[in-house]
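The block underneath contains the structure these notes are about, expressed in structure tokens.
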Amino acid sequence: MTFQPVSTFFIARLKPIVFVLALLPLLWMVWDAWHGGLGANPVEAITHRTGSWGLRFLLLTLAITPFRRLTGWSRILRVRRMLGLYAFFYVSIHFAIWLILDHFFDWQEIVTDIIKRPYITVGFVAFVLLVPLAITSTDAMIRRLGRRWRQLHQAVYLIAVLGVLHFLWLVKADWREPVVYGLVLIGLLTLRTPAMVARMERWRNGVFAN
Ligand code: HEM
């Protein structure tokens, strides 16, 4: 028995389906902006939404390998790069809004903000680390960098930790949402440990044997 989550129709179109689904948060934001649905402070609303979606896509990207290990369903790997690039896409909008709409390219104010506010420092470091991963995500770069590509892309774990830390640092009262992201991240990192990898393989062989 092999794991077959959805019909062959969807499996054959997995990439375009995920592409369209991942665009929905953006379309939803555009819709809300058009119809006055972003509240009294639209810049703040977009900053929050793009930050949240950036973090969600980062966590989704990290969830792909454990999911494949649990199910043996290798086709899911085809959408991992796309999900990572969507994380970069939403975080880039998030960063651009802060740079352009919050600070209007006032470089002195920008540098002061990065140095003085710890949650901005952490977010900024995460974004800077994300840039080389996005740049080296092409097939040509994967071939060119070889083993070094894998080493470089290990930074995604650190980026996710910094993303959660950034969120934890900026909340003033309601910790629930960043704590949930933190717990999901701890779970995903735990699934990467050799002991858990071996357990997942054993579990899969037991359930999907033959
Ligand atoms: C990997 C990089 C990053 C991730 C994953 C991330 C994620 C987030 C998340 C989840 C939020 C909270 C959203 C909410 O309240 O629902 C947030 C808020 C925010 N982020 Fe980021 N962020 C990143 C990078 C940055 C960078 C580079 C900057 C600017 C230099 C930045 C500036 C902000 C600001 C100004 C807020 C709103 C703070 C407030 O409510 O007062 N973030 N971010």
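Values quoted throughout were computed directly from the atomic coordinates according to the rules given, and no laboratory measurement underlies them. Values in this document were obtained by computation on a predicted structure and should not be read as measured data. Positions of Cβ are generated from backbone atoms using ideal geometry, with glycine treated the same way; all protein chains shown enter the neighbour counts.
Couple of notes before you dig in:
- Applying the criteria of a DSSP loop state and at most 14 other Cβ atoms within 10 Å to the chymotrypsin sites (Phe, Trp or Tyr not before Pro) of region 59-137 yields F104, F105.
- Under Karplus coefficients 6.51, -1.76 and 1.60, residue-wise ³J(HN,Hα) of region 192-198 in Hz, glycine/proline x: 8, 5, x, 4, 6, 4, 5
- Euclidean distance of C-alpha centroids, region 173-204 and region 90-110, integer Å: 32 Å
- Coordinate range along principal axes, alpha carbons of region 1-113, Å, largest first: 59, 33, 17
- Per residue, the chain reaches -25000 deg cm²/dmol at 222 nm when only DSSP H runs of four or more residues are counted, each adding -39500 (n - 2.57).
- Where only C-alpha atoms are counted, convex hull volume of region 89-210 per residue in Å³: 165 Å³
- Trypsin sites (Lys or Arg not before Pro) within region 141-210, DSSP loop, no more than 16 other Cβ atoms inside 10 Å: K172, R192
- Compactness of region 111-150, expressed as Rg and Dmax over alpha-carbon positions, Å: 14.3, 40
- Size of region 8-207 from its Cα atoms: along the principal axes, largest to smallest, the extents are 56, 40, 37 Å.
- Share of pairwise Cα separations in region 113-183, more than 17 Å, in percent: 52 percent
- Relative contact order (%) - the chain, alpha-carbon pairs under 8 angstrom, separation at least six: 25 percent
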